[in-house]
Amino acid sequence: MSTLSISVGPQHPGSGHFRIMVKLDGDRIVEALPDPGYVHRGEEKLAEYRNYIQNIPHFERPIVHDSSNILFAYVSAVEDLMKLEVPERGQYIRVVMAELNRIIAHLYYMAIYGIFVGHSTMFMWPMGDRELFIDVAQMISGQRVTFAFLLPGGVRNDMPEGVKERAEKACDYFEKRLVEYEKIFINNPLFERRTRGMGVLTKQDAIRLGVVGPTLRASGVKADLRKDEPYAVYDKLDFDIPVSQDGDSWARAWVHMEEMRQSMAIIRQALKDMPSGPVKLNLRGQIRAPSGETFARTEASRGALSFYLVSNGGMMPYRVRLITPSFRNMIAIPHILKGLLLADLPPAFWGLDYWPVEADR
Amino acid sequence: MSFVNRLFSAINSGTKHLFKRRFTLRYPDQKFILEGEGYQYDPKNGVGIAGYRGRHILYLERCTGCSLCFMMCKGISLAIEMINLPDKQISVNKKSNFPQIDYSKCVYCGFCVDACPFRALFETNDYEVVSYDRESLLFTPEQLAVPPKKPKGTHDLKYGSRGAYHA
């Protein structure tokens with residue numbers, strides 16, 4: 001059997017900044033090997049030369065459209081080292097920002113997924129509707145993409161007046177939009193024919209490979225750190241974890257869409273229950289973490305995101321290890337692409353919600 | 001539902017949008033309202049005051065030249081540089097050192113504002129820092145001291161019965 005090897009990537013032909021070495025027999029993929037590292041920038045090493053505050057804008061860069069969730073894990077790790085107790089209002093604002101970011105990131109996923117299955121309406125709509133939530137996040141934090149909003153000890157500023165009304169209007173409108181998304185994209189028979197039964201990851205395989213996040217939940221495993229190891233105030237909020245038993249590319253899109261519904265429910269509850277009080281501890285001067293090591297993880301939009309932090313008592317971390325969800329989901333790429341047609345590579349690959357920048361760090 | 005029904009339902013949900021208001025903000029002609037005076041920081045309570053994080057404003061009479069903003073930016077984007085202006089005589093600033101910001105590098109994180117203990121550096125809601133060459137993106141302390149023009153934004157995000165739109 002003679003096979004043809006082609007390299008998909010790394011300069012963004014439909015794979016992100018990332019290369020997949022694809023071995024083809026005719027039109028069918030025999031082997032697909034991911035080749036990460038094209039956008040590696042050494043965030044972990046850079047962090048050793050910056051103090052705990054200066055690291056904040058740096059750690060946003062791997063996932064700019066999910067910046068609050070990656071910072072959530074980082075500040076939790078720093079707070080764990082310093083033994084800080086965040087004021088309750090600060091924790092609620094953090095949860096609101098994290099969930100707004102989850103919706104923004106999921107909408108980005110839907111848009112990219114839409115354009116790669118050739119559905120250009122599904123690119124335009126989510127990209128437009130992201131604005132609803134970016135608008136709310138901008139009101140709170142003052143920035144549109146890289147919020148740099150979470151700090152060790154709380155959040156940077158209190159919410160201004162009118163955020164609650166604005167967020168509720170956005171949620172009300174977006175709930176109606178999600179019904180339209182369902183009609184035009186998720187339940188569109190053409191999309192279903194394109195993605196049903198494609199890139200199947202069974203429950204056993206998903207557990208064996210150790211994938212995380214929506215990919216794992218689409219394979220029928222009910223695992224979400226917000227429920228399993230509640231951090232911040234997630235244990236006080238009432239929400240569901242959408243789980244699909246199918247494990248194919250369609251189920252992944254469905255899980256993302258349902259998660260946006262749950263995120264909106266969390267935002268509504270958090271804004272309603274939010275107590276008054278300080279949002280941040282008044283830490284004076286340079287932050288110095290006492291020597292020790294810690295491990296903190298949160299549920300980012302793509303799955304469990306972990307920070308391992310070692311401090312030797314100085315102004316800068318001694319060692320930072322960042323384990324991102326995309327890095328852990330990369331192992332599923334050869335598994336799900338095997339046996340598909342080459343033309344099915346973009347839908348199967350983008351359904352996985354793999355983000356090369358996040359994986360390469 | 002059958003294949004055909006669902007297909008028509010999909011086409012229908014898109015067709016409806018021909019009769020809805022367009023969501024897009026037509027940017028240079030229409031501008032978005034930004035409320036407030038921009039991001040500020042209250043060193044007494046150690047907490048920021050919410051606002052848009054755009055280009056900075058430097059209050060020269062309060063700046064002591066302590067270069068804390070420079071030290072903070074050194075590890076982030078290297079956008080701030082301290083320069084000496086001997087002809088600026090300010091009583092609190094004996095050596096006449098002031099920050100100069102290079103907006104081709106600035107990431108607008110606003111940690112320089114948090115670092116300033118004298119409330120001399122704030123961020124305004126001027127987001128239109130654009131130019132045809134890199135030299136004009138280098139803002140000297142005198143340029144930073146000029147308050148930005150009030151943005152003439154009139155458009156805001158509205159939610160009507162025919163969908164969301166900017167008006």
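Details
- Scanning segment A:191-231 for residues that are over 30 Å from residue A:306 (Cα atoms) and in contact (Cβ under 8 Å) with a residue 40 or more places away in the chain gives A:191, A:192, A:194, A:195, A:196, A:197.
- Residue in segment A:239-250 that is touching a strand residue (DSSP E or B) at 6+ places or on another chain (Cβ under 7 Å), surrounded by 20 or more Cβ atoms within 10 Å (Cβ to Cβ) and part of a loop (DSSP other than H, G, I, E, B) present: no
- Against the test of being open to solvent by 40 Å² or more (accessible area, probe 1.4 Å), basic (Lys, Arg) and at the interface with another protein chain (Cβ under 9 Å from one of its Cβ atoms), the options A:203, A:169, A:164 yield a single qualifying residue, A:169.
- Only residues that are outside any loop (DSSP other than H, G, I, E, B) and not charged (D, E, K, R) were counted in segment B:117-126, giving 2.
- Segment B:86-99 - residue that is open to solvent by 20 Å² or more (accessible area, probe 1.4 Å) and within 17 Å of residue B:139 (Cα to Cα) and, of those, nearest to the other protein chains (Cβ to nearest Cβ): B:97
- Checking residue B:12 against (1) facing another protein chain (nearest Cβ under 10 Å); (2) under 23 Å from residue A:188 (Cα atoms); (3) modelled with pLDDT under 85; (4) open to solvent by 60 Å² or more (accessible area, probe 1.4 Å), the condition it does not meet: (3)
- Subset of segment A:125-158 [within 18 Å of residue A:102 (Cβ to Cβ) and in a loop (DSSP other than H, G, I, E, B)]: A:143, A:144, A:145, A:146, A:147, A:148, A:149
- The single condition among (1) open to solvent by less than 10 Å² (accessible area, probe 1.4 Å); (2) farther than 27 Å from residue A:96 by Cβ; (3) not basic (Lys, Arg) that residue A:358 does not satisfy is (2).
- When B:24, B:64 are checked against the criterion of being more than 9 Å from every other protein chain (Cβ to nearest Cβ) and either open to solvent by less than 40 Å² (accessible area, probe 1.4 Å) or touching a strand residue (DSSP E or B) at 6+ places or on another chain (Cβ under 8 Å) (or both), a single residue qualifies: B:64.
- Test: residue A:148 is within 9 Å of chain B (Cβ to nearest Cβ), open to solvent by less than 10 Å² (accessible area, probe 1.4 Å) and among the aliphatic types (A, V, I, L, M): yes
- No other residue among A:14, A:90, A:26, A:37 is under 23 Å from residue B:109 (Cα atoms) and not β-branched (Val, Ile, Thr) apart from A:90.
- Counting the residues of segment B:132-158 that are part of a strand (DSSP E or B), open to solvent by less than 60 Å² (accessible area, probe 1.4 Å) and modelled with pLDDT under 85 gives 2.
- Criterion violated by residue B:129 - all others in (1) under 30 Å from residue A:154 (Cα atoms); (2) open to solvent by less than 30 Å² (accessible area, probe 1.4 Å); (3) assigned to a loop (DSSP other than H, G, I, E, B) satisfied: (1)
- Helices (runs of 4 or more DSSP H) wholly inside segment A:261-356 that include at least 2 residues being under 15 Å from the mean Cα position of the chain (by Cα) and touching a residue at least 24 places away in the same chain (Cβ under 8 Å): A:325-329, A:345-351
- Here the condition is being open to solvent by less than 10 Å² (accessible area, probe 1.4 Å) and either of a type outside the set (A, V, I, L, M, F, W, C) or in a loop (DSSP other than H, G, I, E, B) (or both); of A:57, A:10, A:34, it holds for A:57 alone.
- Residue count, segment A:80-138 (criterion: open to solvent by 20 Å² or more (accessible area, probe 1.4 Å) and touching a helix residue (DSSP H, G or I) at 6+ places or on another chain (Cβ under 6 Å)): 9
- Only one entry in A:19, A:50 is free of Cβ contacts under 8 Å to residues at least 24 places away in the same chain and surrounded by 15 or more Cβ atoms within 10 Å (Cβ to Cβ), namely A:19.
- Qualifying position, being touching a His at 6+ places or on another chain (Cβ under 7 Å) and in a helix (DSSP H, G or I), among A:100, A:46, A:71: A:46
The values are calculated or read from the model by the stated rules, or taken from the named source; none is laboratory data. Just so it is clear, the structure is predicted and the values come from calculations on it, not from any experiment. With ideal geometry, Cβ positions are generated from the backbone for all residues, glycine too; neighbour counts draw on all protein chains shown. Just the protein is used for accessible areas: all its heavy atoms, side chains included, with ligands, DNA and RNA removed. Shrake-Rupley method; radii C 1.70, N 1.55, O 1.52, S 1.80 Å.
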